[in-house]
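Step one of this worksheet: look at the structure below.
The values are calculated or read from the model by the stated rules, or taken from the named source; none is laboratory data. As the structure is a prediction and not an experimental result, all values here were calculated from the model. Methodologically, a virtual Cβ is constructed for each residue, glycine included, from the backbone with ideal geometry; neighbour enumeration extends over all protein chains shown. For accessibility, only protein heavy atoms count, side chains too; no ligands or nucleic acids. Shrake-Rupley method; radii C 1.70, N 1.55, O 1.52, S 1.80 Å.
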Amino acid sequence: MQNPALDMHALIARLFPICRSITGDGVRETLRILREHIPIEVREVPTGTEVFDWTVPKEWNVSDAWIKDAKGRKLIDFRKLNLHVVNYSSAIHQRMRLDELRRHLFTDPERPTVVPYRTTYYEESWGFCLSEEQFAQFEDAQEYEVLIDSSLQEGYLTYGECFLPGEEENEVLVSCHICHPSLANDNLSGVAVAAAWARELAGRSHRYSYRFLFIPGTIGAITWLARNEAVLPRIQHGVVLTCLGDASDLTYKRSRRGDAVIDRAFCHVLKHSGQPHSIIDFFPYGYDERQYCSAGINLPVGCLMRGRHGEFPEYHTSADNLNFVRPDALADSLAKCLAVVEVLEGNRVYLNRKPKGEARLGKRGLRSDLALLWVLNLSDGDHSLLDIAERAGLPFATIKEAAGALSATDLLDPL
Ligand code: ZN
């Protein structure tokens, strides 16, 4: 990578125009582009496949959509902005008056300049999203010609999986949703950070195996879980990445377990970053942590975000565009993920070989300092380096370095 921050932003810009959905060619095209950066296996799951309490839906594709006035002028044009079509709209080509068309038009009265984002995944219907300003051009007496050239038929649900084997079979799961059309923060930012994270790890050896999922929200996570129950016991740590490019401070949402190592690792990294941030408890709403933390799955999977689900004004509107995501915010999000990797990878348990009384550091060429004393004191076989770092109030890297120095003597061994 030349400059990860700019590379991530450039990837978002390239993926931005693609009309994605929970199924269809937009997801395939997105994965094809991601494969230029990282090794991704593309999985195709047929329509009708039962996945837990759900069924893989029909595949949706759209090639064109517009509304023309009586003079043939396009008032709304999907090719200018794919948010204009309610995602998963069925096909239509018809003339109608505004009173009939009106119930298929969606605006955001509170923000007259933006186009809202809507879906109709599980109910066959059609519609257009437009700004209040665009709607003001429509007149009661006129007849409009409406076209949605879409198909909803037997096909596949497509997702991508990038698996990077490590020294251990135990895994770290990183998941992001790839089902939104032209929306940058939610969630091309998550996709770009996940891809950059995978690319970073692909170039080096690591203890854990890492599994990056690029999946449609909800149905994709449920499909993956239903097909991979045998893998679940190997998942030791996990995180859902979403909305990581806006200017807000980072928020980490704990897993349902609340005190998993991944929860503690993110809390530790954010605390020692010195930057403002929030830690919030799990609640069963939000992104795919809902699936990974459902009652019968209960994986140690948290969620990292900046702007929170539904709470920033650009959320699910045309204002969530390329100007809304910032290279520096993307880079900072990635840096925190990589710092968490350092904690997870280095979090081992050591044993003090001279635990009776304090060992003499000086005769082993070590200068007494607090980190060394904490590591010796708590390396009784029951405490990991993260336990020690938390109790000592010191950065993990400092504790790990102390353990490294002590391991070079006869005082400390890995358990
Ligand atoms: Zn969303």
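Observations on the model:
- Selected from Pro313, Pro39, Pro165 as most flexible by GNM, with the chain as the system and alpha-carbon contacts under 10 Å: Pro313
- For the chain: accessible area per residue (Å², 1.4 Å): 43
- Only one residue of Ala70, Thr113, Val146 has its Cα farthest out toward the positive end of the dipole of the stretch 59-153, where Lys and Arg carry +1 and Asp and Glu -1 on Cβ, and that residue is Ala70.
- Neighbour-limited loop hits for trypsin sites (Lys or Arg not before Pro), the stretch 334-415 (at most 15 other Cβ within 10 Å; DSSP other than H, G, I, E, B): Arg348, Arg353, Lys356, Arg360, Arg367
- Look at the alpha carbon pairs under 8 Å that are at least 6 residues apart: their mean separation over the length of the chain gives a relative contact order of 16 percent.
- Cα pair distances in the chain, grouped into 10 Å bins until the bin that holds the longest one, percent each: 5, 20, 27, 22, 13, 7, 4, 2, 1, 0
- Residue among Gln142, Gln236, Gln291 with the largest mean-square fluctuation in a Gaussian network model of the chain, springs linking Cα atoms under 10 Å: Gln142
- Fluctuation leader among His177, His272, His237 - the chain, Gaussian network, Cα springs under 10 angstrom: His272
- The stretch 104-147 shape via C-alpha gyration tensor axes, a/c threshold 1.5: oblate
- Karplus-derived 3J(HN,Hα), 6.51/-1.76/1.60, for each residue of the stretch 148-160, Hz, glycine and proline x: 10, 9, 10, 10, 9, 8, 3, x, 9, 9, 10, 9, x
- Percent RCO, i.e. relative contact order, over the stretch 59-153, from Cα pairs under 8 Å lying at least 6 residues apart: 45
- Rounded, prolate or oblate (a/c below 1.5 giving rounded, otherwise prolate when a/b exceeds b/c) for the stretch 195-347 by Cα gyration tensor: rounded
- Placed amide H near Cys129: partners under 5 Å, 5+ positions off or other chain: Val85, Val86, Phe106
- Note on the chain: helix-only mean residue ellipticity at 222 nm, from DSSP H runs of 4+ residues weighted -39500 (n - 2.57) and normalised by residue number, equals -8500 deg cm²/dmol.
- Rg ratio (alpha-carbon, reference 2.2 N^0.38 Å) - the stretch 59-153: 1.00
- Between amide H atoms placed 1.01 Å from N, distances below 5 Å from Ile280 occur with Tyr252, Lys253, Arg254, all of them 5 or more places distant or on a separate chain.
- In the chain, a dipole from Cβ-located charges (positive for Lys and Arg, negative for Asp and Glu) runs towards its positive end, and of Val240, Leu334, Asn87 it is Leu334 whose Cα lies farthest in that direction.
- DSSP finds beta bridges in the chain, and of those with both partners inside it, around 65 percent are antiparallel.
- The GluC sites (Glu not before Pro) of the stretch 306-355 that DSSP puts in a loop, and whose beta carbon has at most 11 other beta carbons within 10 Å, are Glu311.
- For the stretch 95-130, the set of GluC sites (Glu not before Pro) satisfying both a DSSP loop assignment and a count of at most 13 other C-beta atoms within 10 Å is given as Glu110, Glu123, Glu124.
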